[in-house]
Each structure stands twice: as C-alpha cells, then as structure tokens.
Amino acid sequence: MSKKLSRMEANKEARRVLNRHQVDLAYCQYSCCGMEVKLNGYLCKHDGSEFNAHQIEAIIYDFQRHLTGFTVWGDFDNWNFNSERISHVGERPQGNGGEEEQTVYVIDSDDYDSEAS
C-alpha cells in the first residue's frame, strides 16, 4: 500500500505529469484536493499546438499511474474529460443555434489495466 500524498506532493506530481506532456501551464490551471485532480483553462502545448484525444488519454493514464486512486477532471475551454470520456469542444458553427460542436471519445479502461500490469 502506498503512503498518502500531501496536497503539496500531489500538486508537485500533477505539475510533473503536465510538464512531461508539454502542457503550457500559462493557460492551464491545476489543483489537487482530496483524491481529485482538477484541471481548467485552455489546454495547449508549449509551442501553441493543440492536443488530440489520444494525447489526452495518455495524460490521463499518466495521472492514474503517478497519482494512484485520484480522479482526474478536465474542464477546459477546448476539452472536457474525466477518467471515462473525453469531449472536444469545437467552435460554434453558424446556423447551429449557437451551440458548440462536441466530439466525444470513450476511454477503454481495460487497455490501461493491461498496460499497468
């Protein structure tokens, strides 16, 4: 059984995960509280390029690997995700009633379990 991380240690590990995936922390805010990692702002890389769903899935897996037992919540302007699904929030196309276009991806947790073994 692993020891419980302090909030400071959990935030430090969250920052490491985000840096490892080249997340631009000028636009991404993160906080670990209890057993949750909450992310918000705008999700992009240091070079200004966008993430795709597979890269976000890799970030979620990395959080699960390094912050075992934590739930990950991402509520960004351009992406929404948790440990089970990823949604890309697109631009508001004209004539769509002002609603944002969303593409939803489902995360297969069985893949994560087999990779972790």
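The values are calculated or read from the model by the stated rules, or taken from the named source; none is laboratory data. These numbers were taken from a predicted model, which means no experiment stands behind them. Reconstructed Cβ throughout: ideal geometry from the backbone, glycine too, with neighbour counts over all protein chains shown.
So here's what we get for this one:
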quantity	calculated
Selection status of Val104, modelled with pLDDT under 95, hydrophobic (A, V, I, L, M, F, W, C) and closer than 23 Å to Gln29 by Cα	yes
Conditions (1) crowded, with 17+ Cβ neighbours inside 10 Å; (2) over 19 Å from Asp108 (Cβ atoms); (3) aromatic (Phe, Trp, Tyr); number of the one not met by Tyr61	(2)
Pair list, Cβ < 7 Å and 6+ apart or interchain, from the stretch 46-58 residues that are assigned to a loop (DSSP other than H, G, I, E, B) to residues that are charged (D, E, K, R)	His46/Asp24; Phe51/Lys45
Pairs, first of a type in the set (Phe, Trp, Tyr) in the stretch 70-86, second surrounded by fewer than 20 Cβ atoms within 10 Å (Cβ to Cβ) and outside any strand (DSSP E or B), C-beta under 7 Å, six or more apart	Phe70/Met35; Trp73/Asn82; Phe76/Tyr42
Subset of the stretch 1-45 that is assigned to a helix (DSSP H, G or I) and among the aliphatic types (A, V, I, L, M) - its residue that is farthest from Arg65 (Cα to Cα)	Met8
